[in-house]
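Below is one structure, written out as structure tokens, with a few remarks after it.
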Amino acid sequence: MRRTLDMEEVVRYCNQYGFIFQGSEIYGGLANTWDYGPLGTRLKNNIKDAWRYYFIQLKDNSFELDSDILMNPTVWEASGHLAGFTDPFWECKSCNTRRRADNLINDFDSKVNADAMNQEEMMDYIRSEKVPCPKCGKSDFTDIRQFNLMFATQRGVTKDSANTIYLRPENAQGEYVNYLNVMRTTRAKLPFSIGQIGKAFRNEITPGNFTFRTIEFEQMEFQIFCKKGTDSEIYDEYKHYGMEFFQYLGLDSEKLRFHDHEKLAHYAKEACDIEYLFPFGWGEINGTHNRTDFDLGRHQQYSGKSMEYFDDVTNEKYIPYIIESTYGVDRLFLAVLFENLHQEDIGEKDTRIVLNIKPALAPIKVNVLPLLKKKHGDMAKDIYKKLTKYMMVNYDETGSIGKRYRRGDAIGIPFAITIDDNTIENGVVTVRDRDTMEQQEISVEKLTQFLLDMVE
């Protein structure tokens, strides 16, 4: 029998095994900040490498960028973030709880689409239905107000408005302002893409659900620049390509769904999210949008630089349309854990915690285990050192072999290599599979290639 772990169990697991720690823990922490430990960092990097493979390596005319977090503040004026990057929030008059109004409505009745409501409609609904405060149960709220999500900071030695700059709330603007540079240096022709992995920051009103919603997070942004008229076809392609990517990572298709937006942003022609079924409900892990020529048009207006593309085939000049597909690293990390972390019954009286993650994503690929430390340790260390040239390897010589198997299973190591008398006498090791727990003998000479083939 197999049981998926709940949220509390996953949080404890992450802390126990070194995946995720509370941010600034020794000082009592800072709400909704999280530090990735040794195993969490490896898993996070493997997810990002998988995205690079799927979106940069496999796609023609696809280029990666690493833009700065701090940008000229006019960027955010052009993008509309300074004027309109807000969330609707209310405050309970009884207990002073603050939450987003749309989340309050959706939690009260999941069948109601708060995204399609304006501010006045949300307020009318909350009052007419007497929606209760989730903390105190009363229904006595302030009017809905708009809250800007951007973090402001100061550049220079004086604290005045002229020196105000912002931590970026998204990565996309870095791709837009470098569109001309990438096109010039790569000689790319439409359609071409710019991808970027990087940190973003939002002063969220109600962050929570572990790493699902935090004030500091990482995005994998992907922008496709294309000609008007081809945009809807490309949008549809990348909408479904995102679903392919998630299945490539091992997420269950039954726990994935499209959520087409009914209420579109002013710049958007089409918009869709891919949601994953977390223990706390459906949550967005991808957003794909047809942004038209809005972004490049705005940057052309505010910068004075032409953002037009010259088509040397048709002799046309035009501002490209943009299809954006964004993936949240931290949310995807959480989805991968929930998908693969289980408690399994072994026989009638024993259980094990196992992370059944696909080998390509596993933080550590191989566990090297000498059966007896004194007798088999030297040869085990030699094998360990050879394998570290090709993959991440763990060496464990403490406790019984059964306990070491269990520790490796718990952190998702796909293969355990046991070194024993047979290794010394015949040059053969025992390879144990994490998922099936089946064992086979492999010669030391063939071991490296065998493992490389298995962990790809």
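So, in nm, how far is label PHE21 from label ASP382 when the simple model puts each one 7 Å beyond its Cα toward the Cβ?
3.7
Within region 21-127, which trypsin sites (Lys or Arg not before Pro) sit in a loop by DSSP and count at most 14 neighbouring Cβ atoms inside 10 Å? Walk me through the intermediate numbers first.
On the way: sites: ARG42, LYS44, LYS48, ARG52, LYS59, LYS93, ARG98, ARG99, ARG100, LYS111, ARG127; in loops: LYS59, LYS93, LYS111.
Passing both the DSSP loop test and the Cβ count: LYS93, LYS111.
Please give the length that would be gained between THR4 and VAL112 if that part of the chain were fully extended, namely 0.36 nm times their separation in residues minus their C-alpha to C-alpha distance (nm, one decimal).
36.0 nm
What pairs in LYS59/LYS317; LYS48/LYS239; LYS44/LYS228; LYS239/LYS389 have C-alpha atoms more than 29 Å from each other?
Over 29 Å apart, Cα to Cα: LYS44/LYS228; LYS239/LYS389.
Can you give me the relative contact order of region 1-92 as a percent, contacts being Cα pairs under 8 Å and 6 or more apart?
Working: 46 pairs, mean separation 13.0, N = 92.
Relative contact order, region 1-92: 14 percent.
Mind sorting out which of [x] 21.7, 77; [y] 22.0, 63; [z] 25.6, 81 is the real Rg and Dmax of the Cα atoms in Å computed from the coordinates?
Computed from these coordinates, Rg and Dmax of the Cα atoms in Å corresponds to label [z].
What nm distance separates the two modelled labels at LEU30 and SER303, each placed 7 Å from Cα along Cα→Cβ?
Result for the modelled spin labels: 3.1 nm.
At 222 nm, what value in deg cm²/dmol follows for the chain if DSSP H runs of at least 4 each add -39500 (n - 2.57) and the sum is divided by all its residues, to the nearest 500? Walk me through the numbers on the way to the answer.
Working: 15 runs with 150 residues, N = 456.
My calculation for the chain gives -9500 deg cm²/dmol from helical runs alone.
Stretch LYS130-THR142 to full length: gain in nm at 0.36 nm per residue minus the Cα-Cα span? Each step should come with its number before you reach the end.
Values: separation 12, 0.36 × 12 = 4.32 nm, distance 1.32 nm.
Going from the current span to full extension adds 3.0 nm.
Using only Cα atoms, locate the centre of region 430-451 and the centre of region 251-300, then give the distance between them in Å, rounded to an integer.
Region 430-451 and region 251-300 have Cα centres spaced 43 Å from each other.
Taking the chain as a whole, which cysteines find no other cysteine Cβ under 4.7 angstrom from their Cβ?
That list is CYS14, CYS226, CYS272.
Test of understanding: extend the Cα→C-beta vector of ALA152 to 7 Å, then name every residue of region 61-96 with backbone N under 15 Å from that spot.
Hits in region 61-96 for ALA152 at 15 Å: 73-74, 76-77, 81-86.
Tell me the relative contact order for region 86-148 as a rounded percent, counting alpha carbon contacts under 8 Å between residues six or more apart.
Once divided by the residue count of region 86-148, the mean separation gives 48 percent.
Work out from phi, with θ = phi - 60° and the Karplus expression 6.51 cos²θ - 1.76 cosθ + 1.60, the ³J(HN,Hα) of each residue of region 215-227, listed in order in whole Hz, and give x for Gly and Pro.
Per-residue couplings from phi come out as 7, 10, 8, 10, 10, 10, 9, 9, 10, 9, 9, 8, 7 Hz.
Tell me, what is the percent relative contact order of the chain, built from C-alpha pairs under 8 Å that lie six or more residues apart?
Across the chain, relative contact order equals 14 percent.
Only the coordinates and a few stated rules stand behind these numbers; no lab work does. Only a predicted model underlies this, so the values are computations on that prediction, with no experimental measurement involved. Virtual Cβ from ideal backbone geometry, glycine too; neighbours counted across all protein chains shown.
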